[in-house]
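Any read-out appearing in this document is the output of simple, stated calculations on the displayed coordinates, not a laboratory observation. A quick note: this is a predicted structure, and the numbers were derived from the prediction, not measured. All Cβ positions, glycine included, derive from the backbone under ideal geometry; neighbour counts span all protein chains shown.
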Amino acid sequence: MIRSLATLVLLLSALPVAAQPSFPDSVAAVLVGTGTVVVETNLPDGMLYDGETLLGPVAAAGFDLAPGTHRLVLREPDVAAWQPRHSETEVEVRTGETTTVRLDVPLRYRIESFPFGATVSLEKADGATERLGETPLDVMTDEPLDGTLVVRKTGYTEARQVPGADLDNAYSVVLRPITLAEAGVGEVALHEAKRPNYWIDIAAVGLALGAGAVAIHYKFKGDDAFEVYERSGDPSLRHEIDRYDTYSAVALGAMQVGIGVFALRLVLR
């Protein structure tokens, strides 16, 4: 049988170009021994891999692969992105057939607050409440968050946000300190005392908390960039790592100034 097919191929190749028969794409695919894979995804700018072999942008019309089992991996195009996402699946490719697969990456929700360390909860329509964690917080989910994000910290007013349904959703909130009047505390002093400048205390504490949050944020970004540098060896990442370290050091210095001012105010009272 194999000898007969080889003889047929030789005879066809000897014919003039105009006399050679043309075959439909499906028949041509059988002759060359490949199948086609079409990928549907929520990350159209992602890159598709067959194991560790790059196939190209996932938005391509289709990928011709040899028959058999393949491990398809979808990755974000920017390897230096904050927590790059990926998704993978196995697909069985058959000669001359087109197989459609679905590859989606998780949705990401980034919640930051000033001051940091606030509790983030998801209040659902049925009244149930799910605690998600503390700020700064990253939440990965296969489905959009359904409900209302509530950010709370003792001594501060709460903040609410209806979450979106995009691939990347980032929210930053500023929590306002609760004053004594808002807390329902009345005047208890029996004599007129000197009124301290509380705004200086608030500003010093705010500076310390805010600068601390910024220092931690850029410290994490620097660590992530360094991990990517160790994996890829990309020399251009060294400048980015140094920049994040500088930002973190400056913010740390500002935090120490805020703490020092507040401590001095307590000593002089």
Table column - 3J(HN,Hα) (Hz), the stretch 91-107, Karplus curve with 6.51, -1.76, 1.60, x for Gly and Pro:
9, 9, 9, 10, 4, x, 10, 9, 10, 9, 10, 10, 10, 10, 9, x, 7
Picking from GLY147, ILE111, GLY127, whose Cα lies most toward the positive end of the charge dipole for the stretch 106-187 (charges on Cβ: Lys, Arg +1; Asp, Glu -1)?
ILE111
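Rounded, prolate or oblate: pick one for the stretch 106-187, where a ≥ b ≥ c are the square roots of the eigenvalues of its C-alpha gyration tensor, a/c under 1.5 means rounded, and failing that, prolate if a/b is larger than b/c, else oblate. The partial results should precede the final answer.
Numbers: a/c = 2.93, a/b = 1.96, b/c = 1.50.
The shape class here is prolate.
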Of the peptides 143-156, 109-122, how do they stack up when ordered by the mean number of other Cβ atoms within 10 Å, highest first?
109-122, 143-156
